[in-house]
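All remarks here apply to the structure that follows.
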Amino acid sequence: MTNGFDTTMKLPHLPDHDGSSFVEFLSKYYPGMTLGANGSAPNSDPTRTAGAVSVPSATTVLAIKYQQGVIIAGDRRATEGFQIADRRIEKVFKIDEWSAMAIAGAAGPCIEMAKLFQTELEHYEKLEGMPLSCEGKANKLGQMVKANLPMVFQGLVVMPLYVGYDLKRGEGRIFKYDITGGRYEESDYHAIGSGGKDARNTMREHFQRNLSEAEVIKLAVLALYNAADDDVGTGGPDLVRGIYPTAKIVTNQGITDVAEDTLRSVCDAVMAARRSRET
Amino acid sequence: MPMPYYVSPEQMMQDKAEYAKKGIAKGRSIIAMEYVDGILLAADNPSASLHKVSEIYDNIAFAGAGKYSEFENLRKAGIRHADLKGFMYSREDVTGRSLANGYSQSLGTVFSQEMKPLEVEILVVQTGINSHPNEIYRISFDGSIIDEKNVAVIGGRADVVQSFLKENSPSHAPNLDEALRLCVTALDQTANQKLQPEGLEVAVLDRNRTGRKFRRLSVSEIRQALPS
């Protein structure tokens, strides 16, 4: 996209481009480095259609709105077929000071999309001197999901869940996507991934408007625990290795990690409550 | 067919240099000064929205004097250079030195090959982290690059500001308020009247910040630091 001006001044030895989008800059000058770059590869080969390639995939992630903003959390397991590919994978990424995204799908392209999206937002902010609006960021992510569509037909799905704090409206917001880049806003909570349905069921039962921070962390952990209970692709708390879910909260103060100790004690409380029912 | 007049290369370069210098001297000055926690950038800039100082990357900042459209173009190219490098390799592989070299090459080529040289003088500053020293590069319209220590001045009557700072250079590394007061007093030397906080553009690369070190100082913060 050009900004409509014909800038005749060329700068030798430096990247020469118009417009404030890093993704466009990259796809014009370094097309091999963008998402879906190999999407034009021949997919006539029947073994390379959806589901044929086995890649590590990431699984239950969720977001819930609460009094001060929004929480986003995810489990830690990546699977490859019937094997566990990674027990400690991070599925929740800080994107900028006011937003975070969580991913489900093929791990490699997912992490790449998060990195590209981080760079895109920072690039825009530095070039334009001001950050994109919350809505603008969500739309941009939709375009990136859409650009990945050719890869979906080769089985490499990337599905983000995006949360941000809208400083103008003074509230946290949750956005979900479909593989074509369609963007939908959720009013209360949402979960995606193979265990997404199980997590949503838990949240539907326990969600209330204006939860406190402690309550929302507990609900997020409970939903992830239930998802891990019913879904093989979702990892529960690993007591032996000390692996617990990760979560971030986005409020009008910016983004902060939920401390591992907090998550551990909330997990312990959830499990203790479960155990007391079993005996 | 009319014969073009012969102009000796020396004459041509001299004319171009004079032209560029005239353009740069018309503007106002910008100072980069090292202080205890990093580097302070202070510019005499009455506009609140057209910036002369800006962020390039985590610990790298840019300042441009001269023609706005030209240094703005350089600034954007620098951000692309840095973001591309950080995306391709890693964030720590983006260095001020490589960026300053890119600018130097670019300005040098334009100066020798184009009819009109760029009427700009720029600073690339990088604050050192993990006990690395700070780096300040001053790059002129002809691509010449100078590695400055402690303080650098570009634009306007830079020589006047520079000599004032040399005479009044502090014996120890100043803290932020001291550095800012010194910079503003130095900028006052070339202005006709005392500079108001609203007419200053001040930013710091503060190595104590996590992640991106660049931060602009608000008018009230500047007012607080200056003696009333």
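Can you give the longest stretch of chain A with no exposed loop site, where a site means chymotrypsin sites (Phe, Trp or Tyr not before Pro) in a DSSP loop (not H, G, I, E or B) with at most 11 other C-beta atoms within 10 Å? No qualifying site falls inside A:83-279, the longest such stretch. Charged neighbours of B:Arg138, selected by a Cβ distance under 9 Å, balance to -3 (K, R count +1; D, E count -1).
Fraction of C-alpha pairs exceeding 39 angstrom in the protein assembly as shown: 37 percent, rounded to a whole number. In a DSSP loop and with at most 11 other Cβ atoms within 10 Å, the chymotrypsin sites (Phe, Trp or Tyr not before Pro) in region B:1-61 are B:Tyr5, B:Tyr6.
Between helix B:9-25 and chain B there is an angle of about 30 degrees, using the helix long axis and the longest principal axis of the Cα atoms. Comparing region B:110-228 with the 2.2 N^0.38 Å rule of thumb, its C-alpha radius of gyration ratio is 1.19 (two decimals). The magnitude of the dipole of region B:26-225, with charges of +1 and -1 set on the Cβ of Lys/Arg and Asp/Glu and taken from the Cα centre, is near 280 debye.
Each residue of region B:26-225 gets 114 Å³ once the volume of the Cα convex hull is shared out per residue. Within a straight-line Cα-Cα reach of under 22 Å, B:Lys26 can be paired with the following lysines, leaving aside sequence neighbours fewer than 8 residues apart in one chain: B:Lys16, B:Lys52, B:Lys67, B:Lys116, B:Lys194.
Helix A:134-147 and the longest principal axis of the Cα set of chain A meet at an angle near 80°.
Using only alpha carbon pairs under 8 Å that are at least six residues apart, calculate the relative contact order of chain A and give it in whole percent.
Working: 555 pairs, mean separation 64.8, N = 279.
Answer for chain A is 23 percent.
If you run the Gaussian network model on chain B, springs between alpha carbon atoms under 10 Å, then out of B:Leu99, B:Leu50, B:Leu217 the most flexible one is B:Leu50.
Of all the Cα-Cα pairs you can form in region A:128-253, what percent are over 19 Å apart?
Values: 4555 of 7875 pairs.
When all Cα pairs of region A:128-253 are counted, 58 percent exceed 19 Å.
Using the Karplus relation 6.51 cos²θ - 1.76 cosθ + 1.60 with θ = phi - 60°, the per-residue 3J(HN,Hα) values for region B:108-115 come to x, 5, 4, 4, 7, 9, 8, 4 Hz, with x marking Gly and Pro.
Viscosity 1.567 mPa s, temperature 4 °C: Stokes-Einstein D of region A:55-278 from its Kirkwood Cα radius, in µm² per second? Estimated diffusion coefficient is 74 µm²/s.
With respect to chain B, whose longest principal axis is taken over its alpha-carbon atoms, helix B:158-167 is tilted by about 40°.
Every helix of 4 or more DSSP H residues in chain A counts as -39500 (n - 2.57), and over all residues that averages to -11000 deg cm²/dmol at 222 nm. Among the trypsin sites (Lys or Arg not before Pro) within region B:159-228, those in coil by DSSP and having at most 12 neighbouring Cβ atoms inside 10 Å are B:Lys194.
Where a number appears in this text, it was derived from the coordinates with a stated rule and is not lab data. Small disclaimer: the values here were computed from a predicted structure and weren't measured. Using ideal geometry, Cβ is built from the backbone for each residue, glycine included, and neighbour counts are taken over all protein chains shown.
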